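Following: one structure in structure tokens, then a few remarks.
A short reminder: the numbers here are calculations on the coordinates, not readings from a lab. A quick note: this is a predicted structure, and the numbers were derived from the prediction, not measured. Don't worry about glycine lacking a Cβ; one is built from the backbone with ideal geometry, like all the others, and counts go over all protein chains shown.
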Amino acid sequence: MRIDINRIEKEEDIKLLKELKWNGFVFYQYDDEFSKDRYEEVKAIAESYKLKVYSGVKIKTESSKQLRDKVKKFRNKCHIILIEGGVLKINRAAVELHDVDILSTPELGRKDSGIDHVLARLASNHRVAIELNFKTLLNKDGYERARTLLFFRNNLKLAKKFDVPVVISTDAENKYQIKNPYDLRAFLNTLVEPLYAKKIMETAYKICDFRDYLMRDNVVRYGVEIIKEEKE
Amino acid sequence: MITPHNILRHELIGLKVEIVEAKNKAMIGIKGKVVDETRNTLVIEKEDGREVVIPKDIAVFLFQLKGCKVKVDGRLLIGRPEERLKKKIKILYPY
């Protein structure tokens, strides 16, 4: 299963996702614009093309306290919670929370990769995935792009050492930014060995499936599930 | 009263149980009543009276409660009954 993370809304763009062999995507919205109705519209369109859609919210803030409050607020309203990184204290606060699913762009606006061995270990313990955002890479030129690649490589080294889940996303907003999953896989093959690249491609679906399972009514927590008995 | 929400901290002795998943496939399908418990095992009395010792961390148990059944991953049950009361429940992840 190949799951992308993007902001695709239009029908023709969703159709293109299907044609490029994606199995589904996480439709995320920023925390200040989150709307369940908007997600339902996208879901209705995508289901007609047999694509799985998961709702996501990307939280953008510079205060650790606000971050925790917003995570608590949105946890039960959507499948996936992403945190936009870049500030070191936000990166750290994100990887310390069990309720956070993905730390997005930890290197945003920084001159280092945003993740060190301490944060990698925390992310591993709390199973917070690190996102490799393909759009941020493509939007850079020259040395900036090379440096971003270096950040990706450093983060992948730490992720592999500490067994941190990693996801890769196109972060597409229109059809011109949509990428073929095989292109992403090929890109990953240039950074890491093929088996690890395959694992990275599958991580997004595993996270989505896990969160979708937890949202069922009969699931108390992962590992405890109510099976209702039929009354005679 | 034992409920699906507090079963992890509740006494398990006396409950009817069935093993629905296990790493050792020979254990799947064992039914009976929990008669004893240690930190890492459950002792189940089968319907024919024989007792079997089941490791907790390799099996998934289906407990019969009043009005419903609860499927519990054995890894969450690790710990002595009195210790489970005060332990923080571990969060499991499939990835």
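Take the Cα pairs of segment A:68-144, get the Kirkwood Rh, then feed it into Stokes-Einstein at 37 °C and 0.692 mPa s and tell me D in µm²/s.
In µm²/s, the coefficient rounds to 254.
Kindly flag which residue pairs out of A:LYS72/A:LYS206; A:LYS21/A:LYS52; B:LYS25/B:LYS56; A:LYS72/A:LYS179; A:LYS52/B:LYS88; A:LYS43/A:LYS198 have an alpha-carbon separation exceeding 24 Å in this structure.
A:LYS72/A:LYS179; A:LYS52/B:LYS88; A:LYS43/A:LYS198
Taking the Cα centroid of segment B:30-95 and of segment A:156-222, what is the distance between the two, rounded to the nearest whole Å?
So the separation of the two Cα centres works out to 33 Å.
Using the Karplus equation 6.51 cos²θ - 1.76 cosθ + 1.60 (θ = phi - 60°), what ³J(HN,Hα) coupling, rounded to whole Hz, does each residue of segment B:81-95 give in order, writing x for Gly and Pro?
Ordered by residue, 3J(HN,Hα) equals x, 6, 7, 5, 4, 9, 7, 6, 6, 5, 8, 9, 10, x, 10 Hz.
Kindly put B:CYS68, A:CYS208 in sequence by how many other C-beta atoms sit within 10 Å of each C-beta, fewest to most.
B:CYS68, A:CYS208
So for segment A:4-225, averaging the separation of alpha carbon pairs under 8 Å that are six or more residues apart and normalising by length, what relative contact order in percent results?
18
Under 15 Å from a point 7 Å along the Cα-to-Cβ line of A:ASN76: which residues of segment B:5-21 have their amide N that close?
What the label zone holds, given the 15 Å backbone N cut-off, is no residue at all.
From the mean inverse distance of alpha carbon pairs (Kirkwood) and the Cα radius of gyration, derive Rg over Rh for segment A:1-137.
Radius of gyration over Kirkwood radius for segment A:1-137 works out to 0.99.
Mind checking the mean number of beta-carbon atoms from other chains within 10 Å of the Cβ atoms in A:213-226?
That works out to 5 on average.
Hey, with R₀ at 41 Å, roughly what FRET efficiency would A:ARG145 and A:LEU195 work out to, going by the Cβ-Cβ distance, to 0.05?
Efficiency at R0 = 41 Å is approximately 0.95.
First check a/c for chain B, with a ≥ b ≥ c the square roots of the eigenvalues of its C-alpha gyration tensor; if it is under 1.5, answer rounded, and if not, answer prolate when a/b is larger than b/c or oblate otherwise.
Rounded is the answer for chain B, as its axis ratio a/c remains below 1.5.
What ratio of Cα Rg to 2.2 N^0.38 Å holds for chain A?
1.01
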